[in-house]
Amino acid sequence: MCIGATDLQATARFYAEAVQMRRVFDFTRGGRTVGCYLAFPDGGFIEVFQNEALDREARAPIQHICLETDNLDETVARLRKLGCEVSDKRMGQDRSWQAWTSDPSGVRIEFHEYTAESSQRTGAECRLD
């Protein structure tokens, strides 16, 4: 996934500290850092590029991303310690625990902790209200 960032350094720091990703390498142009590649601990990447013209209030093609965690309570506590606004943990209709936050550029992030009853594990239909 590639996302734009109104503040590249703040966004990279958010993903490194709050999401616990590792900054793998930077993209530079004319000696200036314009982007970076971040790795998840178990594989996969997010690519972030500076975009000063990004309109945080506009509806973006990415509505949100969802990241799995083994310990949602720990994740929420870490986010709050870093000063991030994060929702309280709640049970979703898919029977997974969830909490929501946004990165510094406004990308909505849903953190999921699966349960034995989660639709993602059982394949059960998830009926929305």
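The values are calculated or read from the model by the stated rules, or taken from the named source; none is laboratory data. Remember, predicted model here, so these are calculated numbers, not experimental data. Backbone-built Cβ (ideal geometry, glycine too); neighbour counts: all protein chains shown.
Does the range 69-80 contain any residue that is within 28 Å of GLU125 (Cβ to Cβ), touching an Asp or Glu at 6+ places or on another chain (Cβ under 7 Å), surrounded by 15 or more Cβ atoms within 10 Å (Cβ to Cβ) and among the hydroxyl-bearing types (Ser, Thr, Tyr)? Yes, the range 69-80 contains a residue that is within 28 Å of GLU125 (Cβ to Cβ), touching an Asp or Glu at 6+ places or on another chain (Cβ under 7 Å), surrounded by 15 or more Cβ atoms within 10 Å (Cβ to Cβ) and among the hydroxyl-bearing types (Ser, Thr, Tyr). Looking only at residues in the range 100-129 that are within 21 Å of LEU79 (Cβ to Cβ) and among the acidic types (Asp, Glu), the one that is surrounded by the most Cβ atoms within 10 Å (Cβ to Cβ) is ASP103. Looking across the range 81-90, the residues that are without any contact (Cβ under 8 Å) to a residue 60 or more places away in the chain and either surrounded by 13 or more Cβ atoms within 10 Å (Cβ to Cβ) or assigned to a loop (DSSP other than H, G, I, E, B) (or both) come down to GLY83, GLU85, VAL86, SER87, ASP88, LYS89. All of ARG23, ARG13 fail the test of being surrounded by 14 or more Cβ atoms within 10 Å (Cβ to Cβ) and in a helix (DSSP H, G or I), apart from ARG13. Looking only at residues of the range 1-10 that are assigned to a strand (DSSP E or B) and touching a Ser or Thr at 6+ places or on another chain (Cβ under 9 Å), we find that the one that is nearest to GLU85 (Cα to Cα) is ALA5.
Among the conditions (1) touching an Asp or Glu at 6+ places or on another chain (Cβ under 8 Å); (2) modelled with pLDDT under 85, ASN51 misses just one, which is (1). A search for C-beta distances below 8 Å between a residue of the range 64-77 that is under 22 Å from GLY44 (Cα atoms) and any residue that is part of a helix (DSSP H, G or I) and at pLDDT 90 or above, counting only pairs 6+ apart in sequence or on different chains, returns THR69/THR75.
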